[in-house]
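One structure is given below, encoded as structure tokens.
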Amino acid sequence: MKCVICKQGETLPQETTFVLQRAESTVVIKGVPAEVCENCGEPYFSESMTQKLLERAEQAVKNGAEVEIIRFAA
């Protein structure tokens, strides 16, 4: 698909890093499957993937994590 951010590049399937910051917490999830723009690097996640990522990140925040770095596992 054509990138909606830079309007130049096409997206390709790759792994990327997802970062969520909430108040005093930062959650980093590495190795996440996504479509990534070959030009600007903007990642695009499917709706189901976004839901999984947000659930994992919110759980870390609820557990009181200040900084948490995890590897994505389907």
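The values are calculated or read from the model by the stated rules, or taken from the named source; none is laboratory data. Fair warning: this is a prediction, and the values are worked out from it, not measured in the lab. Positions of Cβ are backbone-derived with ideal geometry, glycine not excepted, and every protein chain shown enters the neighbour counts.
Residues are listed down the side, and each one gets a yes or a no for (1) hydroxyl-bearing (Ser, Thr, Tyr); (2) touching a Leu at 6+ places or on another chain (Cβ under 8 Å):
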{"residue": "4", "(1), (2)": "no, no"}
{"residue": "13", "(1), (2)": "no, no"}
{"residue": "27", "(1), (2)": "no, yes"}
{"residue": "30", "(1), (2)": "no, no"}
{"residue": "38", "(1), (2)": "no, yes"}
{"residue": "44", "(1), (2)": "yes, no"}
{"residue": "47", "(1), (2)": "no, no"}
{"residue": "53", "(1), (2)": "no, yes"}
{"residue": "57", "(1), (2)": "no, yes"}
Exercise. Residue 51 is checked against (1) at pLDDT below 95; (2) part of a helix (DSSP H, G or I) and fails just one. What number does that condition carry?
Worked result: (1)
For this session: Considering only segment 37-74, state which residues are over 16 Å from residue 15 (Cα atoms), touching a residue at least 40 places away in the same chain (Cβ under 8 Å), surrounded by fewer than 16 Cβ atoms within 10 Å (Cβ to Cβ) and of a type in the set (D, E, K, R).
Result: 66
Exercise. For segment 8-25, which residues satisfy the criterion of being surrounded by 17 or more Cβ atoms within 10 Å (Cβ to Cβ) and either within 16 Å of residue 55 (Cα to Cα) or touching a residue at least 60 places away in the same chain (Cβ under 8 Å) (or both)?
Worked result: 18, 20, 25
